[in-house]
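One structure follows; several queries about it will come next.
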Amino acid sequence: MPNRVVQKSPIKLPKPRLKGLTVEDAIANRRSIRSFRDKEMPLETLSQLLFAAYGVTAHKWGIDLHAAPSAGALYPFEIYIYVRKVKGLRRGIYRYVPHDHELIPIFYGDFDREVIRACLGQDYAAGGNVTFILVAVFSRTTRKYGERGYRYIYMEAGHISQNIYLEATSLGLGTVAIGAFYDDLMNQIVGVDGSTASVIYVQPVGYPH
Ligand SMILES: Cc1cc2nc3c(=O)[nH]c(=O)nc-3n(C[C@H](O)[C@H](O)[C@H](O)COP(=O)(O)O)c2cc1C
């Protein structure tokens, strides 16, 4: 695996200001898409998708409030992405920083083989322009809610995933939520330990055929 740690200076994303379908049309048209065209994605599009997934939409009570709801506003998720074909970005694994709307590079390299293997051979897991990898940091929620926190975390993964589905549909893109993967292999790809933090969901986004 090309696990080269790179210099982690952040990459500022453009302001999310794209407009697509109405939410009604996005809901009506949403479908899981598993086949993608080979076309470059503008950085503005990736910016919009990340903002929809988990971007900061308000600031209240001294904290950031995000695009997806979260029990106790504790926001247990870190959004990692595997960038394959996005204008201006090197191929590799990045972590999204919602507060600053920027990306931190984690590893550069081609992770197609690793992602597909981790996802039980589902080749579309590394088929689009970018694969979202939703990572939960459990203690952020279980510290307050105990065992019940796990339930909340899985619910919240669904909220984020649906935001990605609807934004993708709105922008003429396609996506599919992937829950079938080997935890250990997926965790290795983003460099989390699987106990304090673990991958919960994998979601490629690309241009549909
Ligand atoms: C929790 C969850 C896990 C899923 N895992 C996979 C998966 O591993 N691979 C896949 O191709 N689709 C997966 N899907 C997508 C479903 O197959 C898809 O939503 C379903 O067939 C309905 O089709 P639609 O999304 O187009 O309405 C998953 C969906 C959910 C909600």
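The values are calculated or read from the model by the stated rules, or taken from the named source; none is laboratory data. In this text, all values refer to a predicted model and were calculated from it rather than measured experimentally. Positions of Cβ are generated from backbone atoms using ideal geometry, with glycine treated the same way; all protein chains shown enter the neighbour counts.
Of all residues in the stretch 158-189, which are without any contact (Cβ under 8 Å) to a residue 60 or more places away in the chain, more than 19 Å from Asp112 (Cβ to Cβ) and within 8 Å of the ligand (Cβ to nearest atom)?
The answer is Gly158, Ser161, Gly179.
Here's another thing I want to ask about it. Restricting the first residue to the stretch 53-73 and requiring it to be farther than 18 Å from Tyr201 by Cα and modelled with pLDDT of 95 or more, which pairs with a second residue that is among the small types (Gly, Ala, Ser) and surrounded by 17 or more Cβ atoms within 10 Å (Cβ to Cβ) meet a Cβ separation below 6 Å and a spacing of at least six or different chains?
Thr57/Ala67
Hey, can you tell me all the residues within the stretch 38-63 that are in a loop (DSSP other than H, G, I, E, B), surrounded by 14 or more Cβ atoms within 10 Å (Cβ to Cβ) and over 15 Å from the mean Cα position of the chain (by Cα)?
Pro42
Still on this model: Which one of Tyr154, Tyr207, Tyr182 is of a type in the set (Phe, Trp, Tyr) and within 24 Å of Glu24 (Cβ to Cβ)?
Within the list Tyr154, Tyr207, Tyr182, the selection yields Tyr207.
Out of curiosity, is Ala68 buried (at least 17 other Cβ atoms within 10 Å of the Cβ), within 16 Å of the ligand (Cβ to nearest atom) and assigned to a helix (DSSP H, G or I)?
no
Only one residue in Val86, Val137 is within 15 Å of the chain's Cα centre (by Cα), closer than 25 Å to Pro14 by Cβ and either away from the ligand (no atom under 13 Å from the Cβ) or small (Gly, Ala, Ser) (or both), so which one is that?
Unique residue meeting the criteria: Val86.
Please enumerate the residues belonging to the stretch 71-95 that are in contact with a helix residue (DSSP H, G or I) (Cβ under 8 Å, 6 or more places away or on another chain), of a type in the set (A, V, I, L, M) and not in a strand (DSSP E or B).
The answer is Ala71, Leu74, Leu89.
Tally the residues that are outside any helix (DSSP H, G or I) and either within 16 Å of the ligand (Cβ to nearest atom) or of a type in the set (Gly, Ala, Ser) (or both), restricting the search to the stretch 96-127.
Going through the stretch 96-127 one residue at a time, the tally reaches 6.
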